Every structure is written in C-alpha cells, then in structure tokens.
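Heads up: the structure comes next, in structure tokens.
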Amino acid sequence: MINLLDFDLPGLAAYCETLGEKRFRATQLFRWIHQKGAADFAAMTDLAKSLREKLAGKAEIRDLPVLSEHVSADGTVKWLFDVGGGNAVESVFIPEDDRGTLCVSSQAGCAVGCRFCSTGHQGFSRNLSTGEILAQLWHAEHSLRQRLGTGSERVITNVVMMGMGEPLQNYSALIPALKVMLDDHGYGLSRRRVTVSTSGVVPMIERLREDCPVALAVSLHAPVDALRDDLVPINRKYPIAELMAACQSYLHAAPRDFITFEYCMLDGVNDTDAHAQALLALVQGRAGAPRVPCKFNLIPFNPFPQSGLKRSPRERVTAFAKVLQDAGVVTTIRKTRGDDIDAACGQLAGEVQDRTRVVERFSQRAPLRIMALRETGHA
C-alpha cells in the first residue's frame with residue numbers, strides 16, 4: 001500500500017496521474033489529508049467515487065502507532081511513536097500564549113554523538129521516511145484539535161526539526177516534508193515558522209539554502225574547535241570557520257536576518273565569561289571567521305547519568321547571557337518545559353536498534369578536555 005503521507009503536492013499529483021486522474025484531484029486529496037486530517041477515503045466527499053475506489057485498494061494515510069502519550073503539568077505533550085523494527089521516536093508539543101510548537105524527529109536515534117544529548121547516547125538505527133516525519137505532525141495537529149475542541153482552527157503554528165536525529169543527514173526525506181509544512185494546501189506554515197536545527201553538516205546547509213530555505217538553528221555549544229571537537233564530534237569534519245561561512249551564506253536566502261545559535265550550558269566546561277567573550281569574537285568576525293548576525297539561545301543542560309556532565313548554575317547562565325547582551329547580541333535563556341515527562345531539550349531518547357555501537361564508542365572516549373581560553377588567545 002502506498003503511503004500518501006510520503007508525497008508533497010507535486011508528488012501526489014504525479015501519483016494521481018498514474019491512476020488516470022487529473023492533477024487537480026491531487027489538490028483536493030492533499031487538503032483532505034493535511035488540512036482536515038482525513039484518513040478514510042470514503043469521507044472525502046468531493047472526490048469522484050471512482051477515485052475513492054481506486055485509492056481504497058492501493059493507498060492509505062499511514063499514521064504512526066502511539067506507544068505512549070504523556071501530558072506535563074505545564075501542558076507539554078510528548079508522544080512516543082513506534083516506527084517498527086524495535087525502534088521508537090519522540091515528538092513534543094509545547095503550548096505557549098502566542099504559539100504552539102511541535103518538535104519533530106527525523107531519525108530513529110542519532111549518529112552525531114554529542115556529549116550532552118541523551119538521544120546521541122542511544123545510538124542510531126535508521127532514517128525516517130518523509131511519511132514518518134509528516135505523520136508526527138499529522139497525528140499531533142489533528143489529535144490536538146479534537147482534544148482542545150478547536151474545530152478546523154490550526155493548533156500547531158510552528159514546527160522545529162529539533163527532535164531525535166540530525167535532519168540534514170536525512171535530507172532526501174526532509175525536503176518533501178518541509179514543503180508539505182509550507183504548502184498553503186497543506187499546513188500553510190511560513191518559512192519563518194519552520195526551523196531546521198543542525199549540528200553543522202556544512203554541505204547540506206548549502207543545499208538547504210538552495211532547495212528550501214527555512215529558519216536555521218545551529219547547535220554550536222563551543223566557541224573554539226578544540227572544545228567543540230569534544231562536545232560535537234562532527235566539528236572534526238566541518239570545523240567552526242567552515243560552519244560560520246556556511247551560516248553567513250545561508251542568510252542570503254533565509255526568511256530571517258539572523259541565525260539562531262543553540263548553546264547548552266555545561267558547568268565548568270563551556271560556561272565561563274571567557275567562553276562568552278570568545279563567542280562574541282567568533283560571531284563578530286574577530287576570530288578568523290566571517291561575521292554572522294545571530295541570536296543565542298542558552299539551553300540549561302538536562303543531566304543524565306552517562307554524560308558525566310552537570311548543569312551550569314542559574315546565576316552562571318545569567319552572567320554568561322549578560323556578557324553577550326551587553327555586547328548587543330540578542331540572547332535568550334530557554335525555559336525548561338516538560339521536565340516531569342522527560343520532554344525537555346536533549347532528553348528525547350526513544351529506544352533504537354543501535355547500528356553505531358555507541359555505548360562501546362562512548363566508553364572508549366577520553367575524558368572531556370576543559371578548554372583554557374587564555375592559552376588560545378581568546379580570553
């Protein structure tokens with residue numbers, strides 16, 4: 001059975017043509033699926049009966065089975081979805097006064113292996129399909145409408161590709177999913193309200209700029225290569241200078257005039273005033289990299305036993321933010337949401353069948369090096 005969630009609108013139109021149907025039928029079908037949340041072809045009353053009969057024998061709108069659903073005291077909702085083969089992925093809805101944000105996964109597990117991310121410590125199994133990415137949004141949007149009684153009014157106003165996985169390492173499935181999110185016949189989200197978060201896959205940042213430039217968030221977490229090599233291992237392949245150049249280039253097509261840099265605050269590791277000053281030198285073009293207009297989002301670390309890391313004290317985070325703010329850089333401190341259901345940033349860790357032997361690799365790692373910036377000329 002063909003899963004119609006795997007298609008963006010041009011793909012669905014091409015599929016309808018294989019059934020002997022005109023392309024405009026695809027738009028009607030697309031609206032039923034994404035705007036109305038219909039999964040039963042018989043309910044799609046303005047489609048020709050002959051088309052409904054063809055679809056019933058050949059296609060489906062394939063939801064993901066829900067293994068668990070947890071609702072936090074603050075209204076955050078976390079779903080654990082079964083994607084087969086013993087693998088599960090997580091999605092999180094975060095309600096706020098002015099928006100509703102869905103955090104979506106792109107892979108079962110993650111191969112990047114950042115030191116502070118519990119998903120990375122689970123290892124990697126496989127990429128999700130376009131349909132599996134979109135099913136998270138489809139399920140969340142239409143189940144929330146029913147729960148909240150909003151009728152046809154949209155609940156999810158923002159999507160962030162910040163769940164399990166590195167989105168840019170699943171590029172071929174990501175792009176059609178993004179296009180469905182943006183399509184006026186689909187979810188109708190603006191490019192400013194769809195964000196792709198990456199650990200820094202430089203060649204794919206450049207491709208995203210050409211193919212589907214949405215808002216970009218970069219998991220930076222360190223101002224110099226020696227420290228970032230330890231925290232975000234992909235930095236060894238794409239060092240900071242290359243990453244900053246890609247970010248600057250991305251801004252020429254981006255819907256926002258800045259890049260968001262995410263920075264997880266780790267006690268005694270990357271949270272000193274000297275680190276903050278080195279960040280300023282980096283983004284202001286004084287550290288051998290191009291100037292990049294940006295904002296910083298400081299993220300309180302969510303500890304887990306295998307990491308060996310601790311959360312920076314609140315007063316240290318505030319002082320760090322002040323250094324950046326006093327230099328004129330917009331800086332926010334992310335509120336922790338869904339802590340009581342393990343839905344906060346870095347905690348998503350559905351079970352995966354690890355193909356990357358991550359436990360073995362982590363056990364062989366040398367202890368984390370604390371970078372003394374005064375020795376590198378950045379203090």
Cα→Cβ-extended label distance, 7 Å offset, between residue 318 and residue 237, nm: 4.1 nm
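Assuming R0 = 25 Å, what is the FRET efficiency of residue 330 and residue 74, from their Cβ-Cβ distance, to the nearest 0.05?
Numbers: r = 25 Å, r/R0 = 0.99.
So, using R0 = 25 Å, E works out to roughly 0.50.
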- line: For residue 22 and residue 82, extending 7 Å from Cα along the Cα-Cβ vector and measuring point to point gives, in nm, a value of 4.3 nm
message: With +1 assigned to the C-beta of every Lys and Arg and -1 to the C-beta of every Asp and Glu, and no other charges, what is the dipole magnitude of segment 82-171 about the Cα centre in debye, to the nearest 20?
response: 140 debye
query: So what does log10 I(q)/I(0) come out to for segment 69-217 at q = 0.09, 0.10 Å⁻¹, using the Debye formula with one equal point on every Cα and no solvent?
result: -0.26, -0.33
- prompt: How far, in degrees from 0 to 90, does helix 9-18 lean away from the longest principal axis of the Cα atoms of the chain, to the nearest 10?
  reply: 30 degrees
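Tell me whether segment 2-60 comes out rounded, prolate or oblate; compute the Cα gyration tensor, take square roots of the eigenvalues as a ≥ b ≥ c, and use a/c under 1.5 as the rounded threshold.
Numbers: a/c = 1.28, a/b = 1.06, b/c = 1.21.
In terms of gyration-tensor shape, rounded.
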- prompt: Order of 114, 264 from fewest to most other C-beta atoms within 10 Å?
  reply: 114, 264
query: Along each of its three principal axes, how wide is the spread of alpha-carbon positions in the chain, in whole angstrom units, largest first?
result: 74, 40, 38
query: Suppose R0 equals 41 Å; then what is the FRET efficiency for residue 152 and residue 206 from their Cβ-Cβ distance, rounded to the nearest 0.05?
result: 0.60
- line: If one compares the long axis through the Cα atoms of helix 273-283 with the longest principal axis of the Cα atoms of the chain, the angle in degrees, nearest 10, works out at 60 degrees
field: Mean projected area (nm²) of the alpha-carbon convex hull when segment 182-296 is viewed from all directions
entry: 7.2 nm²
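Let me have the 222 nm mean residue ellipticity of the chain computed from DSSP H runs of 4+ only, each contributing -39500 (n - 2.57), with the sum over all residues rounded to the nearest 500. Walk me through the numbers before you get to the answer.
Working: 11 runs with 121 residues, N = 379.
Per the formula, -9500 deg cm²/dmol.
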query: Which of rounded, prolate, oblate describes segment 25-96, given a ≥ b ≥ c as roots of the alpha-carbon gyration tensor eigenvalues and a/c under 1.5 marking rounded, otherwise prolate only if a/b is larger than b/c?
result: oblate
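Using the number of other C-beta atoms within 10 angstrom as an exposure proxy, rank 34, 252, 142, 70 with the fewest first. Let's see the in-between values first.
On the way: 34 25, 252 8, 142 19, 70 16.
The order, fewest Cβ neighbours first, is 252, 70, 142, 34.
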query: How would you rank 44, 162, 1, going from fewest to most other Cβ atoms within 10 Å of each one's own Cβ?
result: 1, 44, 162
Principal-axis tilt of helix 202-211 within the chain, Cα atoms, nearest 10 degrees: 40 degrees
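What's the magnitude of the charge dipole for the chain around its Cα centre, counting Lys and Arg as +1 and Asp and Glu as -1 at the beta-carbon? Answer in Debye, nearest 20. It would help to have the intermediate numbers written out before the result.
Details: 44 positive and 43 negative charges, 95 e Å.
I would put it at about 460 debye.
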- prompt: Spin-label point model (7 Å from Cα, Cβ direction): what's the residue 192 to residue 295 distance in nm?
  reply: 1.1 nm
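A short reminder: the numbers here are calculations on the coordinates, not readings from a lab. The structure presented is a predicted model; accordingly, all values stated were derived computationally and were not measured. Cβ atoms come from the backbone with ideal geometry, glycine included; neighbour counts cover every protein chain shown.
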